[in-house]
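**Q** Following this message is one structure expressed as structure tokens.
Nothing in this text is a laboratory measurement; each read-out follows from the coordinates by a stated rule. Keep in mind the model is a prediction, meaning the values are calculated, not measured. Cβ atoms come from the backbone with ideal geometry, glycine included; neighbour counts cover every protein chain shown.
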Ligand SMILES: Nc1nc2c(c(=O)[nH]1)N[C@H]1C(S)=C(S)[C@@H](COP(=O)(O)O)O[C@H]1N2
Ligand SMILES: [Mo]
């Protein structure tokens, strides 16, 4: 126990020194689970991933076909608006900037809206999604995602607070207009950049 407390503090100090700990965050060695509502059940027979909106070709994949797409593995840090950060997490999935080549994004597209089982949505600017470290992730630490962490598939947007990383992903909408998602209309910041500490919007909402 004490050993873990010391290990946590030491790592946190190291991350702070390296400039990897955003303001107001503290390091956790755990992997907390956070979401609104229940955990949706995965049914392989009915599951699909759909892309629609400002794309050259609307498409859908079943789970088997999606897993046949080439993947990348990467290590990155996670920052949750509830003030925990988790460092050097290892993910495998389809890199978003590779994925879009399969259907083509129209020049009119400016925003990507993730739609999830259960109705959760979140919006991210297309240019942020095109960063090298953004992926459609399905393995964490070499294993398929735990149900609570988004099995079978989630987006991973490491440069934004973690509410922008949508669990139980079912569709990606490419849009000319911004469409604030579930938390964005309920008081969270529209951009959510952790080093600028963009936690809440001034519009208010729940919080
Ligand atoms: N579908 C869905 N995705 C979601 C959420 C949710 O409620 N539903 N919550 C978000 C929030 S607020 C956070 S902090 C992260 C938490 O991810 P984790 O449970 O894997 O730590 O998931 C995000 N993705
Ligand atoms: Mo969150």
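**Q** Order these by the 10 Å Cβ neighbour count, fewest first: 128, 94, 134. Walk me through the numbers before you get to the answer.
**A** Working: 128 18, 94 21, 134 26.
Final ranking by Cβ density, sparse to dense: 128, 94, 134.
**Q** Any chance you could run the full-extension gain for residue 31 through residue 89? It's 0.36 nm times the residue separation minus the Cα-Cα distance, nm to one decimal.
**A** Working: separation 58, 0.36 × 58 = 20.88 nm, distance 0.98 nm.
Extra length available between residue 31 and residue 89 comes to 19.9 nm.
**Q** To the nearest µm²/s, what D does Stokes-Einstein give for the range 115-164 at 4 °C and 1.567 mPa s, using the Kirkwood radius over alpha carbon pairs as Rh? Please list the in-between numbers first.
**A** Working: Rh = 11.7 Å.
Once the numbers are plugged in, D ends up at 110 µm²/s.
**Q** Continuing with this model, one more query. Rounded to whole Å and sorted largest first, what semi-axes of the equivalent ellipsoid does the C-alpha gyration tensor of the range 162-202 yield via the square root of 5 times each eigenvalue?
**A** Numbers: eigenvalues 73, 32, 20 Å².
Over the Cα atoms of the range 162-202, the ellipsoid semi-axes are 19, 13, 10 Å.
**Q** Viscosity 0.692 mPa s, temperature 37 °C: give me the Stokes-Einstein translational D for the chain in µm²/s, with Rh taken as the Kirkwood radius over C-alpha pairs.
**A** Numbers: Rh = 17.7 Å.
D = 185 µm²/s.
**Q** Taking the range 10-87 on its own, what percent of its Cα-Cα pair distances exceed 22 Å? All intermediate terms of the calculation are to be shown ahead of the outcome.
**A** On the way: 1652 of 3003 pairs.
Cα-Cα pairs of the range 10-87 separated by over 22 Å account for 55 percent.
**Q** Could you give the radius of gyration (one decimal) and Dmax (whole number) of the Cα atoms in the range 49-97, in Å?
**A** Cα only, the range 49-97: 14.9, 40 Å (Rg, Dmax).
**Q** Please work out, to two decimal places, the log10 of the ratio I(q)/I(0) at q = 0.18 Å⁻¹ from a Debye calculation in which every Cα of the range 119-207 carries one identical scatterer.
**A** -0.83
**Q** Hey, rough spin-label estimate for residue 75 and residue 8, points 7 angstrom out along Cα→Cβ, what's it come to in nanometres?
**A** Roughly 2.3 nm, to one decimal.
**Q** Hey, another quick one. What whole number of Å gives the distance from the Cα centroid of the range 14-86 to the Cα centroid of the range 157-207?
**A** For the range 157-207 versus the range 14-86, the Cα centre distance is 13 Å.
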